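The values are calculated or read from the model by the stated rules, or taken from the named source; none is laboratory data. Small disclaimer: the values here were computed from a predicted structure and weren't measured. Cβ placement follows ideal geometry from the backbone for every residue including glycine, while neighbour counts extend to all protein chains displayed. Just the protein is used for accessible areas: all its heavy atoms, side chains included, with ligands, DNA and RNA removed. Shrake-Rupley method; radii C 1.70, N 1.55, O 1.52, S 1.80 Å.
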Amino acid sequence: MNVRVAYFSKSGNTKKLADCIAKTAGVRAEAIGNGAQMEADILFLGASVYWGGIDGKVKDYIEQLDSKNVKEVVVFSTSALAQRAFPDIRKRLEKRGLKAADENYYCRGEFAALHKGRPDNDDLKEAAAFTKQILAKRG
C-alpha cells in the first residue's frame, strides 16, 4: 500500500501530527508546496483552521490533486478554537472527485495562551492509534 503524508502548518502544531502519522506509517511527512503530483493509495492530509478557514495553500494543493493518482484522502487537523478543517477540506476534495475518508483526526493546537503544549503526548498517541486503525482497515 502506497501511503503519503502531506501537511501545511504555520505554527508547527499540524507538523507535529504529520510527523507522528508519518512515523507510524513508515513514511516521511512532506510539507505541501512541494507539488501535488503524487500517487497514493492513502494520502493523509493535514491542515488547520486559521481565522475561520483553511489556508489558501491547502486549497491550491487540493486543486492540484489528481483523482486518478490518489485513491483516498484521510484528513487530520488542529485548531485553537472548536472549528475543524475537515468539513471544508472534505467538500473541496469531493468537488474534485477525490474520495475523502469518513474518519478524520482532530486535536487542539497551541495558540498564544490557549492550549499550552498541544498537541501533547496524549494527542500524539491518539494520532498514532488513529493511523494504525486506518492502515489496518485498508490493509
Pull up all non-local amide H partners of ALA100: gap of 5 or more, or a different chain, and H-to-H distance under 5 Å with H placed in the peptide plane. VAL73
Quickly work out the LYS132-to-ASP66 label distance, labels modelled 7 Å from Cα along the C-beta direction, and quote it in nm with one decimal. 3.6 nm
Against the 2.2 N^0.38 Å rule of thumb, the C-alpha Rg of the chain sits at a ratio of 0.95
For TYR106, residues with placed amide H under 5 Å, excluding near neighbours: SER77
How many Å² of accessible area per residue for the chain, probe 1.4 Å? 52 Å²
Of the accessible area of the range 79-119, computed with a 1.4 Å probe and all protein chains kept, carbon and sulfur make up a percent value of 53 percent
Between LYS10 and ASP41, the two model label points (7 Å from Cα along the beta-carbon direction) sit apart by a distance in nm of 3.6 nm
Ranked highest first by average number of other Cβ atoms within 10 Å, how do 51-61, 66-76 line up? 66-76, 51-61
Within the chain, what percent of beta bridges assigned by DSSP are antiparallel, to the nearest 5? 10 percent
The answer for ALA40, listing residues at least 5 apart or on another chain whose modeled amide H is closer than 5 Å to its amide H, is VAL70, LYS71
